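Peer 1: Below: one structure in structure tokens.
The values are calculated or read from the model by the stated rules, or taken from the named source; none is laboratory data. Everything numeric in this text was worked out from a predicted model, so none of it was measured. Glycine gets a Cβ as well: all are built from the backbone with ideal geometry, and neighbour counts include every protein chain shown.
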Ligand SMILES: [Zn+2]
């Protein structure tokens, strides 16, 4: 049933439940096929001492000289002078300790195509990713997502939403997912169409159900969840004159996909009202009874106040990606309006062929600058609010607020340490200002996901980035050659 799935030895030893699940599905264990990723470290007993602790927990004051104690993957205590017998001590002096950043929409496979969105129509983002996406092998999916995962950990992002819209076969999805498993990230994998799937054709919903059935062996001990990457009910399409015209999509596609996901009790994510060519998409969904609290809408730049109220009332969420929205010319990201309408709003990378990198600090800064610029008001979007969008609001958007998004006793240990003595960030002032105005990925010294140290002293602990770059470069070259891309 799953003969194409390669599970590494480490995962095979990862627990009785997972073992049983894998045997049940006949998945075979075998040695690593990528030499660039080592085994995940164990979840230790660690105390970070004397750091500036910014918990992002609502109503909780910062601890300017605090400790965070982590054991077996969870936060066991936060305070000062904590007794933590037997714990490995990490010196937190000179660091801000905060929850890991949360991305809420990222086509992770596309990082193999980084810096390839050209300056003319034939080489633009959509034609480029479609032409090259068509020739991706499952292994190419793996390398694209592995590169993204490495960058996420490098940049202090501990949770990702892998919006996988190049699922040409079940194995493409499984290989993409394998990069998330091997690198130990928390996240959601949203199963979507291929780049080249016609808008009239539904995805293989039997494979979606199959993946959910296989999930016990794929979820990396519950670190990963599954969702549907959906295409919505309308789209701007070129008419006979080549002009874009908003047209309804076929229910034979959208209804089949939507109903399959709902039947499987999966969350659904969709790009809509992305620019001036798509409008009223949320109203159209509401007419069908399709707006629910597991729905995430993306970009939503061309959304009306009435539609914002529909999202807020349903508990649906919005993911904005200002860096890609500006680069591709969708328009100016809406932020304050969604917040005024009490819509859950979170930040996302989207795709590195447009954004160049996946630095969430840069995305936070851009969000604040954009909103203040649009409002012609220096004080419109405070730094603390931006930090909430990148942490606790992101966790809510992905249904993970019970385990991540803030530092709180009992939550899972997704923690980053940001250096405050580097030349681009010091001297120490207000930590929220430092994080939004100054911080860059390179200031991230230490990253823990689920209590595992995945970056330490500025270096990834399990990924050999030199080898990864060699392997990924070969994969990227192969893709370009097969597509005859010039
Ligand atoms: Zn997107």
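Peer 1: Which condition breaks for residue 109 when tested against (1) touching a helix residue (DSSP H, G or I) at 6+ places or on another chain (Cβ under 6 Å); (2) in the same structural domain as residue 183 (by TED's automatic domain parsing); (3) over 22 Å from residue 183 (Cβ atoms)?
Peer 2: Going through (1) touching a helix residue (DSSP H, G or I) at 6+ places or on another chain (Cβ under 6 Å); (2) in the same structural domain as residue 183 (by TED's automatic domain parsing); (3) over 22 Å from residue 183 (Cβ atoms) one by one, residue 109 breaks only (3).
Peer 1: Can you say whether residue 394 is within 28 Å of residue 72 (Cβ to Cβ), under 21 Å from the mean Cα position of the chain (by Cα) and in contact (Cβ under 8 Å) with a residue 24 or more places away in the chain, as far as the supplied structure shows?
Peer 2: Spelling it out, residue 394 is indeed within 28 Å of residue 72 (Cβ to Cβ), under 21 Å from the mean Cα position of the chain (by Cα) and in contact (Cβ under 8 Å) with a residue 24 or more places away in the chain.
Peer 1: Being within 13 Å of the ligand (Cβ to nearest atom) and part of a loop (DSSP other than H, G, I, E, B) is the filter; apply it to region 313-332 and report the residue that is farthest from residue 368 (Cα to Cα).
Peer 2: For region 313-332, the residue satisfying everything is 330.
Peer 1: For residue 66, state whether it is away from the ligand (no atom under 16 Å from the Cβ), outside the structural domain of residue 219 (by TED's automatic domain parsing) and free of Cβ contacts under 8 Å to residues at least 12 places away in the same chain.
Peer 2: no
Peer 1: State all residues of region 295-312 that are part of a loop (DSSP other than H, G, I, E, B) and touching a strand residue (DSSP E or B) at 6+ places or on another chain (Cβ under 6 Å); if no residue qualifies, say none.
Peer 2: Correct list: 300 only.
Peer 1: Let me ask another. For residues in region 121-154 being in contact (Cβ under 8 Å) with a residue 40 or more places away in the chain and within 12 Å of the chain's Cα centre (by Cα), which is nearest to the ligand (Cβ to nearest atom)?
Peer 2: Going through the qualifying residues, I end up with 148.
Peer 1: Let me ask you something else. Which condition from (1) under 27 Å from residue 43 (Cβ atoms); (2) without any contact (Cβ under 8 Å) to a residue 40 or more places away in the chain; (3) in a helix (DSSP H, G or I) is the one that residue 371 breaks?
Peer 2: Among (1) under 27 Å from residue 43 (Cβ atoms); (2) without any contact (Cβ under 8 Å) to a residue 40 or more places away in the chain; (3) in a helix (DSSP H, G or I), the lone unmet condition for residue 371 is (1).
Peer 1: Just one of 432, 413 is in contact with a helix residue (DSSP H, G or I) (Cβ under 9 Å, 6 or more places away or on another chain) and in contact (Cβ under 8 Å) with a residue 60 or more places away in the chain; which is it?
Peer 2: Going through 432, 413 in turn, the sole match is 432.
Peer 1: Kindly check whether there is at least one residue in region 138-145 that is surrounded by fewer than 24 Cβ atoms within 10 Å (Cβ to Cβ) and modelled with pLDDT of 95 or more.
Peer 2: Within region 138-145, one or more residues are surrounded by fewer than 24 Cβ atoms within 10 Å (Cβ to Cβ) and modelled with pLDDT of 95 or more.
Peer 1: Moving on. If we keep just the residues of region 58-96 that are touching a helix residue (DSSP H, G or I) at 6+ places or on another chain (Cβ under 8 Å) and part of a loop (DSSP other than H, G, I, E, B), which is modelled with the lowest pLDDT?
Peer 2: 58
Peer 1: Output the number of residues of region 335-358 satisfying the condition of being away from the ligand (no atom under 12 Å from the Cβ) and crowded, with 24+ Cβ neighbours inside 10 Å.
Peer 2: Counting residues in region 335-358 that are away from the ligand (no atom under 12 Å from the Cβ) and crowded, with 24+ Cβ neighbours inside 10 Å gives 6.
Peer 1: On the given criteria, is residue 158 more than 16 Å from the ligand (Cβ to nearest atom), touching a residue at least 24 places away in the same chain (Cβ under 8 Å) and assigned to a loop (DSSP other than H, G, I, E, B)?
Peer 2: no
Peer 1: For region 165-178, what are the residues that are within 16 Å of the ligand (Cβ to nearest atom) and buried (at least 24 other Cβ atoms within 10 Å of the Cβ)?
Peer 2: Selection gives 166, 167, 176.
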